[in-house]
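Report on the structure given below.
The values are calculated or read from the model by the stated rules, or taken from the named source; none is laboratory data. Quantities reported herein were computed from a predicted structural model and do not represent experimental measurements. Here the Cβ positions follow ideal geometry from the backbone for every residue, glycine too, while neighbour counts run over all protein chains shown.
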Amino acid sequence: MEKVKDALDFTDFSGVERFVLVVFSIFLLAFPWLGAGSFVKAVMIQFLLFSLFGMGWNTIGGYGGQVELGKAQYVGIGAYTVSVSMVWWNIPFWISMPIGVLIALGYSFMIGYPLFRLKGHYFAIATICTSLVLQDIFTNWKLVGAAKGIELPIHEHPDFLYMQFKSDTYYYYFIMVLFYIALFYMNWFRKSKLGYQLRMIKDDEEAAESLGIDIRWCKIKAYSIASAFVAVGGGFMAVYNLYIDPVSVMDLDLSIKIALMAMLGGAASLWGPIIGAAFLVPLDRFLGSWLGGHKGLIGVDFMIYAALIMVVSAYQPRGIWGIVEQLRGKGK
Amino acid sequence: MAFLEVHDIVKDFGGLVANSNVSFQIEEGEIVGLIGPNGAGKTTLFNCIVGYYSPDYGKVMFKGNDITGFKPFQTNQAGIGRTFQIMKVTTGMTVVENIMVGAFCRTNSRHQAREEAHEMLHFLGMEEISEQYINELPIAKQRKVGMARALATKPQLLMLDEVASGLNHTETDEMVALLKRLNVEKKITLFLIEHIMEMVMTVSQRVIVLDGGIKIAEGVPGDIVKDDNVIKAYLGEKYAKGR
Ligand SMILES: Nc1ncnc2c1ncn2[C@@H]1O[C@H](COP(=O)(O)OP(=O)(O)OP(=O)(O)O)[C@@H](O)[C@H]1O
Ligand SMILES: [Mg+2]
């Protein structure tokens, strides 16, 4: 009960922040009725999805300060579990999605255990490698469509059990609900024992150990929470796109974008990943459709991201949110 | 069975023997000082006891349990707190949050952790800096934060690595008074490394002297200052510095 209260308690934020949150929430609720076109709607759905990814990443990457660049493998686990369950056994989304999350949790403990023997750059590289290995396996795994991926059977009529709808509005509201669950969870998480312990680990590992904190176990827990978050997003991607392949749900691209958005917006802050997604998702979409028409410009988008992250980290390592706080005189 | 028993600790850093067969005991409720010239192996001995280093040989017993090879978080959970000679200057958490992390060692509730942290701030007279960040504080205050958060884990044995270095006269006196209060009011056994001779001598009931990794003397402060080996160790160091 106390947990729920903490999750819904935003009173330690300033009045302005709470006001913006309310206005933003009203906007999110009303958005489908504002007459936006399908392109803009799709961008909004991506924005909410990547906010969800970023909030998950923020547990281990932001609060825990571990440069985690392998989240795509868990997006993939979520997406493939939902797709395969539906194609092979006709299992509804509401059963397959939780199973996907459980598999992601189990897998993340397995991977996390050896992974967190490593520190710093070695850890970052290892996260990339484990993700690439899993992607390779799926690219060659005939049973799950290998590189061609899986197409989900399209139901004739809208079906809530299988999360199949004709209109994007339903998907929009669904991802919005997930977004809020994530937001409330993170609002609790940042104030929880694990949240505090992770921040201590990020600040000073030696001191954290002297305060009774089992560093490795804390990191594994945070890593698994992050993995569960993105697996939910992966499940959503499967039913929303109705088609997945190892590139769309497991690419390094995706891992980097997840981390980049959270870092750009402001790691270890509640709003950071949302702000980051609000900047980068539209930019990504715009660049994507623009560069798509210009062969030879592939990779330019990543050059732009790289430049962005360099500018931000040079100016204010705590991202856009850090800049905002600095301007308000709260910065350190 | 003593409260803390250290048997024959050896720590060899690839030829440099920082601790060489060091043995001693501490009884519950004591205040014991650990002194010795720079590089004598004091911090290394602390690290061997608390688990930052695993000793190459020897055994550490705490309250009758063998804690040799325990990880630092395990020795802390067992009831040993420690502070660091060099406190890392961090920017991520306020003073009260630092102490809360210590309190979280014994509770899962944020509200209780916060309450305990505020009690600790009150006990140490640090309320006015509770919302500041470590990097905004002078060194003496930083050390006190290090102590406060270690205390928040509710240790029965507190090991302090040069908490008084860099303090002025009044601050040193305050520290001495505080240590005595901890010992009397909170019933915490204290084991402290100190460079300032007068301070160790006034606060400790017993003193252990290390030099070159070897325990060269142990006894009450009055005897230690007259001990030949101790005088030699310290004068030797002064002569070396003079050249
Ligand atoms: N991690 C390490 N690796 C190698 N040598 C070390 C290590 N830690 C300490 N030493 C060496 O061991 C010896 C004892 O160091 P230690 O820090 O324990 O001394 P100390 O008595 O605490 O000195 P000080 O009074 O300067 O703090 C020194 O010669 C030091 O250089
Ligand atoms: Mg030392």
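Results for (1) within 14 Å of chain B (Cβ to nearest Cβ); (2) of a type in the set (Phe, Trp, Tyr); (3) in a helix (DSSP H, G or I), shown as yes or no for each residue.
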site: A:Ala231; (1), (2), (3): no, no, yes
site: A:Gly234; (1), (2), (3): no, no, yes
site: A:Leu291; (1), (2), (3): no, no, yes
site: A:Val312; (1), (2), (3): no, no, yes
site: A:Pro317; (1), (2), (3): yes, no, no
site: A:Gln326; (1), (2), (3): yes, no, yes
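Just one of the listed residues (B:Gly58, B:Gly64, B:Gly36) is on the phi > 0 side of the Ramachandran plot, more than 14 Å from chain A (Cβ to nearest Cβ) and within 16 Å of ligand 2 (Cβ to nearest atom), and it is B:Gly36.
Within region A:3-36, how many residues turn out to be surrounded by 11 or more Cβ atoms within 10 Å (Cβ to Cβ) and within 14 Å of another protein chain (Cβ to nearest Cβ)? Of the residues in that region, 4 qualify. Here B:Ala150 fits the description: within 14 Å of another protein chain (Cβ to nearest Cβ) and either in a helix (DSSP H, G or I) or surrounded by fewer than 23 Cβ atoms within 10 Å (Cβ to Cβ) (or both).
Evaluate region A:141-156: report whether one residue or more is crowded, with 16+ Cβ neighbours inside 10 Å and part of a helix (DSSP H, G or I). Looking for residues that are crowded, with 16+ Cβ neighbours inside 10 Å and part of a helix (DSSP H, G or I), one finds at least one in region A:141-156, hence yes. Could we say that B:Asn19 is modelled with pLDDT under 95 and either within 15 Å of ligand 2 (Cβ to nearest atom) or under 30 Å from B:Val184 (Cβ atoms) (or both) here? No. Consider region B:135-167 and keep the residues that are among the small types (Gly, Ala, Ser) and within 16 Å of ligand 2 (Cβ to nearest atom). The one that is nearest to B:Met100 (Cα to Cα) is B:Gly146.
Per the listing A:Gly56, A:Gly112, A:Gly100, the residue uniquely over 15 Å from the mean Cα position of the chain (by Cα), surrounded by 18 or more Cβ atoms within 10 Å (Cβ to Cβ) and closer than 30 Å to A:Tyr170 by Cβ is A:Gly100. Of all the residues in region B:61-87, those that are farther than 30 Å from A:Glu2 by Cβ and either more than 16 Å from ligand 1 (Cβ to nearest atom) or touching a residue at least 24 places away in the same chain (Cβ under 8 Å) (or both) number 18. When A:Trp188 is tested against the conditions (1) more than 17 Å from A:Gln66 (Cα to Cα); (2) more than 10 Å from every other protein chain (Cβ to nearest Cβ); (3) under 18 Å from the mean Cα position of the chain (by Cα), the lone failure is (2). Within the set B:Glu131, B:Glu119, the sole residue that is assigned to a helix (DSSP H, G or I) and more than 8 Å from chain A (Cβ to nearest Cβ) turns out to be B:Glu119. Counting only helices (runs of 4 or more DSSP H) that sit wholly inside region B:166-225, those with at least 3 residues that are polar (S, T, N, Q) are B:169-185. Residues in region A:8-18 that are more than 23 Å from A:Tyr172 (Cα to Cα), among the hydrophobic types (A, V, I, L, M, F, W, C) and part of a helix (DSSP H, G or I): A:Val16 alone. In region A:159-181 there is at least one residue matching the filter, namely being polar (S, T, N, Q), surrounded by 21 or more Cβ atoms within 10 Å (Cβ to Cβ) and not in a helix (DSSP H, G or I). Consider B:Phe73 carefully, then state whether it is within 16 Å of ligand 2 (Cβ to nearest atom) and either hydroxyl-bearing (Ser, Thr, Tyr) or within 8 Å of chain A (Cβ to nearest Cβ) (or both). Criteria not met by B:Phe73.
Within region B:84-104, the set of residues being in contact with a Leu (Cβ under 8 Å, 6 or more places away or on another chain) and either at pLDDT below 95 or more than 8 Å from chain A (Cβ to nearest Cβ) (or both) comprises B:Val95, B:Val96, B:Ile99.
The residue that is surrounded by the fewest Cβ atoms within 10 Å (Cβ to Cβ), among those in region A:191-205 that are more than 20 Å from A:Pro273 (Cα to Cα) and more than 7 Å from chain B (Cβ to nearest Cβ), is A:Glu205.
The condition of being modelled with pLDDT under 95, within 27 Å of A:Ala36 (Cβ to Cβ), away from chain B (no Cβ under 14 Å) and touching a Phe, Trp or Tyr at 6+ places or on another chain (Cβ under 7 Å) holds for only one of A:Phe165, A:Phe160, that being A:Phe165.
Every test in (1) under 16 Å from the mean Cα position of the chain (by Cα); (2) hydrophobic (A, V, I, L, M, F, W, C); (3) modelled with pLDDT under 95 is passed by B:Phe62 save one, and that test is (3).
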